[in-house]
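All remarks here apply to the structure that follows.
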Amino acid sequence: MGKILVCYFSRMGNTQQMAEYIAEGIRISGHEAELTKISDIKSGKELLGYDGYVFGAPTYHRTMPGIVETFLFLAQKSNLHGKIGGAFGSYTHSGDAPKMIFDTMEHVFKMDVVNLGALNLLEHLVGTRDGMKACHDYGKTIAQKLKQ
Ligand SMILES: Cc1cc2nc3c(=O)[nH]c(=O)nc-3n(C[C@H](O)[C@H](O)[C@H](O)COP(=O)(O)O)c2cc1C
């Protein structure tokens, strides 16, 4: 059984809801998923010991929130090279943050990212059946990489 960390920031709860559904998708696939808020991660050591990582952030002001930027500097010290990676977040019109995070995971951390790219979900879809399915499917895709 693999172990995935789903680590997110959410101001209004939408990205948190996505994180919970993605974790469910991983668990439905028979693997372990731990959910953590980015604000609870105090050192790079807390990121050690997982097979994969899914980082989530909403887009504010066409970028990622400052706390997430700081978190990525911390994650850089945890040597995530070769680990499974994915990113997600809720948005209303531009959805920049998940793409930026995914880009860093792929090109800077050199992680084994999912070929779906980042999961950007329009805010009004988060609480719908389609939104839940999109998150479950993303979690399942992450889990599938554990078997490869
Ligand atoms: C002040 C403010 C700025 C925002 N800027 C953007 C933006 O640049 N691009 C975008 O796609 N969404 C933007 N949004 C929408 C949020 O990304 C959206 O509400 C998202 O669902 C919030 O996620 P959260 O509930 O996880 O905090 C903005 C929202 C607020 C309140």
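The values are calculated or read from the model by the stated rules, or taken from the named source; none is laboratory data. Computed from a predicted structure; not experimentally measured. Every residue, glycine among them, receives a Cβ derived from its backbone with ideal geometry; neighbour counts consider all protein chains shown.
When you check ILE22 against the structure, is it among the β-branched types (Val, Ile, Thr), assigned to a helix (DSSP H, G or I) and either within 8 Å of the ligand (Cβ to nearest atom) or surrounded by 23 or more Cβ atoms within 10 Å (Cβ to Cβ) (or both), yes or no? It would help to see each step written out before you state the result.
Values: among the β-branched types (Val, Ile, Thr): yes; assigned to a helix (DSSP H, G or I): yes; either within 8 Å of the ligand (Cβ to nearest atom) or surrounded by 23 or more Cβ atoms within 10 Å (Cβ to Cβ) (or both): yes.
Here the answer is yes, as ILE22 does meet what is asked.
Quick check on the range 30-43. Is at least one of its residues hydroxyl-bearing (Ser, Thr, Tyr), at pLDDT 95 or above and more than 23 Å from GLY127 (Cα to Cα)? Explain how you work it out, then say what you get.
Taking the range 30-43 and keeping what is hydroxyl-bearing (Ser, Thr, Tyr), we get 36, 39, 43.
Within this subset, residues satisfying the condition of being at pLDDT 95 or above are 36, 39.
From what is left, the residues that are more than 23 Å from GLY127 (Cα to Cα) are 39.
Taking every residue of the range 30-43 in turn, at least one turns out to be hydroxyl-bearing (Ser, Thr, Tyr), at pLDDT 95 or above and more than 23 Å from GLY127 (Cα to Cα).
Quick grid of which residues meet (1) surrounded by fewer than 18 Cβ atoms within 10 Å (Cβ to Cβ); (2) under 20 Å from GLY2 (Cα atoms); (3) in contact (Cβ under 8 Å) with a residue 40 or more places away in the chain:
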residue	(1), (2), (3)
ASN79	yes, yes, no
ILE84	no, yes, yes
ALA97	no, no, yes
THR104	no, no, no
GLY139	no, yes, yes
ALA143	no, yes, yes
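Answer with yes or no whether ILE142 is within 15 Å of the ligand (Cβ to nearest atom), in a helix (DSSP H, G or I) and on the phi < 0 side of the Ramachandran plot.
Numbers: within 15 Å of the ligand (Cβ to nearest atom): no; in a helix (DSSP H, G or I): yes; on the phi < 0 side of the Ramachandran plot: yes.
Against the criterion (within 15 Å of the ligand (Cβ to nearest atom), in a helix (DSSP H, G or I) and on the phi < 0 side of the Ramachandran plot), ILE142 does not qualify.
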